[in-house]
1. Find the residue count for region A:31-68, including only residues that are surrounded by 15 or more Cβ atoms within 10 Å (Cβ to Cβ) and of a type in the set (D, E, K, R).
2. Looking at region A:60-74, can you tell me whether even one residue there is at the interface with chain B (Cβ under 7 Å from one of its Cβ atoms) and more than 14 Å from the chain's Cα centre (by Cα)?
3. What's the number of the only condition in (1) exposed (fewer than 11 other Cβ atoms within 10 Å of the Cβ); (2) free of Cβ contacts under 8 Å to residues at least 24 places away in the same chain; (3) closer than 30 Å to B:Leu71 by Cβ that A:Thr28 fails to meet?
4. Based on this model, can you work out whether B:Arg29 counts as modelled with pLDDT under 95 and of a type outside the set (Asp, Glu)?
5. For the structure I just gave you, tell me whether A:Thr134 is among the hydroxyl-bearing types (Ser, Thr, Tyr) and either at the interface with chain B (Cβ under 9 Å from one of its Cβ atoms) or crowded, with 16+ Cβ neighbours inside 10 Å (or both).
6. Condition check: more than 30 Å from B:Ala41 (Cβ to Cβ), assigned to a loop (DSSP other than H, G, I, E, B) and in contact (Cβ under 8 Å) with a residue 12 or more places away in the chain. Does A:Glu23 satisfy that?
7. If I filter region B:51-64 for residues that are of a type in the set (Lys, Arg) and either at pLDDT 95 or above or surrounded by 14 or more Cβ atoms within 10 Å (Cβ to Cβ) (or both), do I get at least one hit?
8. Within region A:67-117, count every residue that is part of a loop (DSSP other than H, G, I, E, B) and of a type in the set (Lys, Arg).
Amino acid sequence: MRIFPARIYLYDGKLVRTLETGEFGQLTYTEEDVLVFPVGLAGFEEYTHFLRRQPPALAPFEVLLSLDWAGLRFYALPVDLVVSDYQLSLGPQERALLVLGAEDRPSHCLVLLAWPENEPPTVNLLAPVVLNQTARRGLQVIQFDSQYSCRHPLRERSASCS
Amino acid sequence: MLVIRRREGEAVYIGEAIAVQVLEISPSRVKLGIEAPRAVAVVRSEQRASAEENLRASASVTLTKHSVMKLLGPPGSA
């Protein structure tokens with residue numbers, strides 16, 4: 001289901017669009033803010049356009065919001081915050097989809113948070129979301145030959161910790 | 001689970017249309033050749049697991065400042 005923006009207007013020579021979201025209110029964006037995932041995400045292959053937002057209150061979490069399906073959103077963390085020496089493997093096909101040269105490094109490597117109600121929070125280290133912000137491309141890259149877990153636990157800290 | 005022993009070059013058939021052949025065996029992995037109709041999706045288990053995890057991720061509870069702090073501790077301590 002394609003979302004049609006609530007409003008489109010011209011500002012500073014750019015087309016600005018607005019997106020109504022339940023969780024984050026009304027968001028504004030331009031085409032330059034749109035990340036294209038050429039093959040979508042695993043299980044969500046048909047949804048290929050996302051906005052990346054970093055709400056200050058949720059830092060260091062980020063949010064990937066689908067522009068193709070109302071309400072589809074993923075929380076993500078920089079992988080380095082979970083595993084300091086994460087070894088990302090990118091093949092030639094993946095580099096091509098990300099518009100990265102053989103020696104180029106991706107701008108971001110994120111892991112998606114899964115925290116359904118009444119379940120412990122986990123992140124998917126097996127399939128990080130890799131971004132090339134310059135080309136505005138994103139790709140979920142399954143690390144087939146790794147030992148990384150798709151349900152790596154994020155342990156809740158005591159609320160009284162300081 | 002049905003367990004079948006096969007050597008390199010040998011195959012098993014699943015129904016009439018699907019064949020799985022053992023192409024190569026090395027100490028740490030097995031190379032399989034799979035013939036299946038186009039309509040049958042053949043995916044590696046990691047791909048299926050990732051799709052399932054993405055489904056769980058899409059159903060995550062709404063994060064709040066409080067829940068983020070509970071998870072990661074105060075800002076700067078993650």
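1. 5
2. There is no residue in region A:60-74 that is at the interface with chain B (Cβ under 7 Å from one of its Cβ atoms) and more than 14 Å from the chain's Cα centre (by Cα).
3. The one condition A:Thr28 does not meet is (1).
4. When the stated conditions are applied, B:Arg29 passes them.
5. It is false that A:Thr134 is among the hydroxyl-bearing types (Ser, Thr, Tyr) and either at the interface with chain B (Cβ under 9 Å from one of its Cβ atoms) or crowded, with 16+ Cβ neighbours inside 10 Å (or both).
6. Yes, satisfied.
7. Scanning region B:51-64 turns up at least one residue that is of a type in the set (Lys, Arg) and either at pLDDT 95 or above or surrounded by 14 or more Cβ atoms within 10 Å (Cβ to Cβ) (or both).
8. In the first step, residues of region A:67-117 are kept if they are part of a loop (DSSP other than H, G, I, E, B); the result is A:67-72, A:82-91, A:98-107, A:115-117.
The next check asks that each one be of a type in the set (Lys, Arg); those that pass are A:105.
Number of matching residues: 1.
The values are calculated or read from the model by the stated rules, or taken from the named source; none is laboratory data. Predicted model, so just to flag it, every value in this text is computed and none were measured. Please note: Cβ atoms are built from the backbone with ideal geometry, for glycine as well, and neighbour counts cover all protein chains shown.
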